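Where a number appears in this text, it was derived from the coordinates with a stated rule and is not lab data. Remember, it's a predicted structure, so these values are computed and weren't measured experimentally. When we count neighbours, we look across all protein chains shown, and the Cβ atoms used for this are built from the backbone with ideal geometry, even at glycine.
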Amino acid sequence: MKAHIAVLPGDGIGPEVIAQASACLAGIAQRFGHQFTLTPYPFGGAAIDAHADPLPEATLAACRSADAILLGAIGGPKWSGPAAPRRPEEGLLRLRRELGAFANLRPVSVLAALADASTLKREVIEGVDLVFVRELTGGIYFGEKRRDARGASDLCTYTVAEIERIVRVAAQLARTRRRRLTSIDKANVLETSRLWREVTQRVLDQEFKDVALEHMLVDSAAMHLIRRPRDFDVLVTENMFGDILTDEASMLAGSLGLLPSASLGDGRHGIYEPIHGSAPDIAGRGIANPCGAILSAAMLLRHSLRLETEAAHLEACVVATLEAGVRTADLSPAGRAATTAEAGAAVLSRLQQRG
Ligand code: IPM
Ligand code: MN
C-alpha cells in the first residue's frame, strides 16, 4: 500500500525518538512491500523559532492531507514562562482540535520481563493490561480562560454529544476486550461530571448491555490504579483527568518512555505520539527511550493504515528487544544502558529478520 505520513518531530527528545520510529516504519515498508512517504514538518517550539507559530499553516495543511501523523513531543523551558509570547502546547491543542482527534487511546500493559523495572511490587502489576480512553478536545483545556489583576479562571464545559461519542469509542473497545468499562469523573463536586455520569450510564444501558460499567471518582481511581491495577480493562475519562491518570498509570509499565498513544477522530485519520514529554533535561544526550514512539508507529499501522499484521509484528519486535535485555537508562538504572539509537537499531534488525 502507499501511505503519506506527516512527521512532526517537535522539541527536546522528540526528534531523537522519532528518528527511530521513522526508521522502523521504513523497515516495515521494506519488509512487507509498502511505500510509505515520511515527510517532516516544523511544529512546536521549533516552529515558533522558525515561523513564530507553533502550528504553521503549511504544517496543518500537510497533516490534514496525510494518511496519518507521527508526532514526537513538544515544549521546553525556552518557550515557557510568563514572558513567552507563544507556547508549543498551543500548537498541539490546536492540531488535536483542528483534526477532530477527540479520542486518545493510551494502552498500558506490563511485560513479564519488565515487572521488576516498576517502582511497584511485581505481584501488584504482573498481568496488567488496560487502556485509557481520554477525551482530548474538550473540557477545561479548551474552555474560556480569563486573567485579571484579581485572579484567573479556566472554564470546563462538556456537551452531551461530546460525552456520547467518547463513551461509544470506549465501550466499543471494551467489547473487543474483557467487556469492562470504568468511567472516571468527579460527580460529587463537578456539574460536568454529573452530566458525564448520566450520559455514560444512558449510552451503556441503551447501546452496550453486554459491557459491564462502573463509575469511579477520580481520586479513588488514582488510588485503585496502583492498589489493584489488574482489575481495570477500559477506562474512559475527561481530558484533564485522563492526562494526569495516564502519567500515573505509565509507572505500572515501568517507564513513561514505553507508552504510546493514538488520537483518533471519526475516520481513520489519527495523530500518533508517545505519551511522554520533550524531556529537556535529557535532550541531546541520546539516552531517551524510543519504545513509546516506536509503539506509537505500530498504533499508526493498526488504526490509520489498517495493517494489523505489520502492527503486531512491530510490537512483537519491541517486546523481544526488551526481553533480550536491550534497555535504555530509564529501564536499567544499574546496568549498562542502551542508547536511543542502539535500542532503535535492535528493534529494526529484529523486524528485518526472516522467519
Ligand atoms: C499529553 C501532554 C499534553 C497534554 C501537553 C503537552 C499539552 O501532557 O499529551 O499528555 O496535556 O495533553
Ligand atoms: Mn500529559
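Could you give me D for the range 248-337, from Stokes-Einstein at 4 °C and 1.567 mPa s, where the hydrodynamic radius is the Kirkwood radius over C-alpha pairs? Units µm² s⁻¹, please.
Values: Rh = 14.0 Å.
This corresponds to a translational diffusion coefficient of 93 µm²/s.
From the alpha carbon gyration tensor of the chain, can you work out the equivalent ellipsoid semi-axes (sqrt of 5 times each eigenvalue) and give them in Å, largest to smallest?
Working: eigenvalues 176, 131, 87 Å².
After scaling each eigenvalue by five and taking roots: 30, 26, 21 Å.
What FRET efficiency, computed as 1/(1 + (r/R0)^6) with R0 = 56 Å and r the Cβ-Cβ distance, is obtained for H215 and A320, rounded to the nearest 0.05?
FRET efficiency, H215 to A320: 0.90.
Going by amide H atoms built from the backbone, whose H comes under 5 Å of the H on R327, apart from near neighbours?
Under 5 Å from the amide H of R327: A338.
If you take the Cα Rg of the range 119-253 and divide it by 2.2 N^0.38 Å, with N the number of residues, what do you get? Present the calculation step by step, with values, prior to reporting the outcome.
Working: Rg = 15.6 Å, N = 135, 2.2 N^0.38 = 14.2 Å.
Dividing the Cα radius of gyration by 2.2 N^0.38 Å gives 1.10.
If packing is taken as the average number of other Cβ atoms within 10 Å across a peptide's residues, how do 177-185, 242-250 rank, most packed first?
For the peptides 177-185, 242-250, the packing ranking is 177-185, 242-250.
At 20 Å minimum axial length over the Cα atoms and a Kyte-Doolittle cut of -0.5, report the qualifying DSSP H helices in the chain, or say none.
Taking the DSSP H segments of the chain (at least 20 Å long, mean hydropathy at least -0.5), we get 14-32, 160-175, 239-253, 308-323.
In whole Hz and in residue order, list the ³J(HN,Hα) couplings for the range 137-143 that follow from phi through the Karplus curve 6.51 cos²θ - 1.76 cosθ + 1.60, θ = phi - 60°; x for Gly and Pro.
10, x, x, 5, 4, 10, x
In the calculated pair distance distribution of the range 184-332, what percentage of Cα-Cα distances lie above 17 Å?
Details: 7724 of 11026 pairs.
When all Cα pairs of the range 184-332 are counted, 70 percent exceed 17 Å.
Report the one residue of Q206, L225, V160 whose Cα lies farthest in the direction of the positive end of the charge dipole of the range 119-253 (charges on C-beta: Lys and Arg +1, Asp and Glu -1; origin at the Cα centre).
L225
Which number comes out as Rg/Rh for the range 81-142 once both Rg and the Kirkwood Rh are worked out on C-alpha atoms?
Ratio value, two decimals: 1.19.
Using the Cα gyration tensor of the range 1-127, with a ≥ b ≥ c the square roots of its eigenvalues, what is the shape: rounded (a/c below 1.5), prolate (a/b larger than b/c) or oblate (neither)? The partial results should precede the final answer.
Numbers: a/c = 2.10, a/b = 1.23, b/c = 1.70.
In terms of gyration-tensor shape, oblate.
Please work out the Cα center distance from the range 163-237 to the range 61-87, rounded to the nearest Å.
Using only Cα atoms to place each centre, the spacing works out to 30 Å.
Identify which of E191, E162, E135 has the largest mean-square fluctuation in a Gaussian network model of the chain, with springs joining Cα atoms closer than 10 Å.
Highest fluctuation of the listed residues: E191.
Dipole size in debye (nearest 20) for the range 1-130 around its Cα centre, Lys and Arg Cβ +1, Asp and Glu Cβ -1?
On the way: 12 positive and 13 negative charges, 39 e Å.
Taking the Cα centre of the range 1-130 as origin, the dipole is about 180 debye.
What is the dipole size for the range 119-253, taken about its Cα centre, with +1 at each Lys and Arg Cβ and -1 at each Asp and Glu Cβ, in debye to the nearest 20?
180
Using the Kirkwood radius over C-alpha pairs as Rh, can you work out the diffusion coefficient of the range 185-272 via Stokes-Einstein at 25 °C, viscosity 0.890 mPa s, in µm² per second? Walk me through the numbers before you get to the answer.
Numbers: Rh = 14.8 Å.
In µm²/s, the coefficient is 166.
Suppose only helical runs count, i.e. DSSP H with n ≥ 4. What mean residue ellipticity at 222 nm does that imply for the chain under -39500 (n - 2.57) per run, divided by all residues and rounded to the nearest 500 deg cm²/dmol?
Values: 12 runs with 150 residues, N = 355.
Here the helix-only value at 222 nm equals -13500 deg cm²/dmol.
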